[in-house]
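Written below as structure tokens is the structure these notes are about.
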């Protein structure tokens, strides 16, 4: 009898074979790779990975490096501004498009097209537009306002806002689309009811519609946030981290130390910090999103 | 034979008469130039112009000669249209020692994108199908890990993958890069296909099983013919995503094989020589052309793709 019983491993064999790439990706690359990097961030690896463990030395050095601190500061400024502004702008645009207007598709197409472009293209276009000798500054000076100054890419204090302008141009279309989908998901009867009660439209948005769209907002925020942590190409293309190190970001720190500075340990420690930052965002979100659903 | 015609005519007439008696019906017609409409359309038009501005500047700059750029205003249309910057960007612009223009990067990108898109979609669609219809123990756990993996910053996995590829002898080759793209495309694509196959009526699958069809037969004969739209969505998602990639291209290939984005960045941000802004903009536009064309042609499907992508992040 034992001989005729099918072996469990071979039941549903084709499906298991089909899932092998997924299992390998999940376990070897995602789990294995992450564990490897975190482990080696505690070593003194330089040019090649070594297994000489030095405790938290790399992290101490990391947090004592001016460039890393500037990177973190930039990421915070960029991240907070990006989240707030892209949510606000995205929502306002979505609300405008949701007024049963004509040419909705045309407007949506125009507002979303930058999202199809790469960060490299985005960065290079805005580098050109913000070029002080030819771009916006020179055009406005040409109109006769000689003292007009707007050259964020060459001013270390505000360079990150120059990057923010480009990031917003590229990313708000996506937020708008998500918000528009959220608005369309709202029951139209709510609008009828509030109109009958004579509640002004803005109040309906603020007190009824936005609270109802909470899940959409949270998902959008998670998407924006996980994109912000990864921001790299935009900086490389638009400023190259400059002037000086004024617009460095953590992702660029990791790349430069791993593949150019030949200081792997620093790269591993910095990328582990990035992972930590993402976990701080994703884990509470996952609990809200999936933990709550199971209880219901 | 004319009776029905007359009858319907009278009915219509009666309807019209009743309408006239009952007064106007339906919502109050809006005035076209109400203050509200002027505000809405005015705002939207201004915003749309702002969004279009960079594209406009790219196009006009790429059609001007350098003297005109130095003299004039970047927003002004070209006085004298020249296509020379485009030719130069495509065939002559230099990166390092190579002076054969962006065409090299373009063909590299094609050679990277096409196999990556095919491989990643084939793997992910079969995988999503297995997850939707042939669930086995542990499948959900791996799937959850896969989805969470999508949130891990790529930087964390960059070096371990370098080691893996080096061990396989693929580091620096196009094959290696194709593998990397397939790996990182997997979470979103698997999710996309799994959700799609789950939404198909289960009876179809059950009927095919009763008739004795196996895993692959059901996939090829039942599922594939019904899922053309989702394949198109996945393709749009992957083509734009892989074409626009910079990080993997720069990490996992060598200068001869750099994709277009990397080469573009090297051309424009090179510190040597005189800056030729018109050539730079032509090169930028050339690189952006592929995703732009896909975007404008695919329309709604692109939106569906990013909405699906958004679920994962």
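Laboratory data are not the source of any read-out in this text; all were calculated from the coordinates shown. In this text the structure is predicted, and so the values were computed from the model without any measurement. Positions of Cβ are generated from backbone atoms using ideal geometry, with glycine treated the same way; all protein chains shown enter the neighbour counts.
Taking each pair of different alpha-carbon atoms in region A:246-288 once, compute 1/r for the pair, average those values, and report the inverse of that mean as the Kirkwood hydrodynamic radius in Å to one decimal. Write down the numbers at each step before the final one.
Values: mean 1/r = 0.0893 Å⁻¹.
This gives a value of 11.2 Å.
Starting from the Kirkwood radius over alpha-carbon pairs of the protein assembly as shown, derive D by Stokes-Einstein at 37 °C in a medium of 0.692 mPa s and give it in µm² s⁻¹.
The Stokes-Einstein estimate is 121 µm²/s.
Could you tell me the relative contact order of chain A? Use alpha-carbon pairs under 8 Å, at least six residues apart, and round to a whole percent.
Values: 315 pairs, mean separation 81.6, N = 296.
Dividing the mean separation by the residue count of chain A yields 28 percent.
What is the diffusion coefficient of chain B in µm²/s, taking the Kirkwood radius over Cα pairs and the Stokes-Einstein relation at 4 °C with a viscosity of 1.567 mPa s? Mind showing how you got there, number by number?
Numbers: Rh = 24.2 Å.
Rounded to a whole number, D works out at 53 µm²/s.
Rank B:148, B:231, B:33 by mean-square fluctuation in a GNM of chain B with C-alpha springs under 10 angstrom and give only the top-ranked residue.
B:33
If I build a Gaussian network model for chain A, linking alpha-carbon pairs within less than 10 angstrom, which residue out of A:128, A:145, A:285 has the largest mean-square fluctuation?
A:145
Over the Cα atoms of region B:178-284, each weighted equally, I'd like the Debye log10 I(q)/I(0) at q = 0.11, 0.15, 0.16, 0.18 Å⁻¹, rounded to two decimals.
The calculated log intensity ratios at q = 0.11, 0.15, 0.16, 0.18 Å⁻¹ are -0.56, -0.78, -0.83, -0.94.
At a 10 angstrom cut-off on C-beta neighbours, averaged per residue, how do the peptides A:259-265, A:243-249 rank from highest to lowest?
A:243-249, A:259-265
Would you mind calculating the relative contact order of region B:103-312 from Cα pairs under 8 angstrom and at least 6 residues apart, reporting the percent as a whole number? List each step's numbers first, then the result.
Numbers: 181 pairs, mean separation 72.3, N = 210.
This gives 34 percent for region B:103-312.
Would you calculate a helix-derived [θ] at 222 nm for the protein assembly as shown, using -39,500 (n - 2.57) for each DSSP H run of n ≥ 4 and dividing by the full residue count, to the nearest 500?
-21000 deg cm²/dmol
Mean projection of the alpha-carbon convex hull of region A:133-253 over all orientations, in nm²?
Computed as one quarter of the Cα hull surface, the answer is 11.0 nm².
Would you mind telling me which residue in B:132, B:234, B:93 has the biggest mean-square fluctuation in a Gaussian network model of chain B, where springs connect alpha carbons within a distance under 10 angstrom?
Answer for the Gaussian network model of chain B: B:132.
Could you give the alpha-carbon Rg of region A:199-254 over 2.2 N^0.38 Å, rounded to two decimals?
Scaled against compact globular proteins, the figure is 1.79.
For region B:121-160, what does the equivalent ellipsoid look like in terms of its semi-axes, each the square root of 5 times an eigenvalue of the Cα gyration tensor, given largest first in whole Å? Walk me through the numbers on the way to the answer.
Numbers: eigenvalues 113, 31, 11 Å².
Its equivalent ellipsoid spans semi-axes of 24, 13, 7 Å.
Taking just the alpha carbons, could you work out the radius of gyration and Dmax for region B:63-180, both in angstroms?
22.8, 70
Send over the Kirkwood Rh of region A:215-295, from the inverse of the averaged 1/r over different Cα pairs, rounded to one decimal Å.
14.3
Taking neighbour counts of Cβ atoms within 10 Å as a proxy for exposure, in what order, fewest first, do B:237, A:124, A:69 appear?
Arranged by neighbour count, lowest to highest, B:237, A:124, A:69 become A:69, B:237, A:124.
Only counting other Cβ atoms within 10 Å, I'd like A:147, A:118, B:182, A:226 sorted with the fewest neighbours first.
Values: A:147 5, A:118 27, B:182 24, A:226 20.
So the residues, fewest neighbours to most, are A:147, A:226, B:182, A:118.
Can you tell me what percent of all Cα-Cα pairs in region B:129-196 are more than 20 Å apart?
Of the Cα pairs, 39 percent sit more than 20 Å apart.
Given a Förster distance of 41 angstrom, what is the FRET efficiency for residue A:206 paired with residue B:38, based on the Cβ-Cβ distance and rounded to 0.05?
0.95
Give or take rounding to whole Å, what are the principal axis extents of the alpha carbon atoms in region A:164-224, in descending order?
42, 20, 15
What is the mean number of Cβ atoms from other protein chains located within 10 Å of the Cβ atom of each residue in peptide B:43-55, rounded to a whole number?
Per residue, the number of nearby Cβ atoms from other chains is 6 on average.
Can you give the convex hull volume per residue for the Cα atoms of chain A, as a whole number of Å³?
Residue-normalised Cα hull volume stands at 241 Å³.
What value in Å³ per residue do you get for the convex hull of the alpha-carbon atoms in region A:23-64?
74
What fraction, in whole percent, of alpha-carbon pairs in region A:1-89 exceed 19 Å separation?
70
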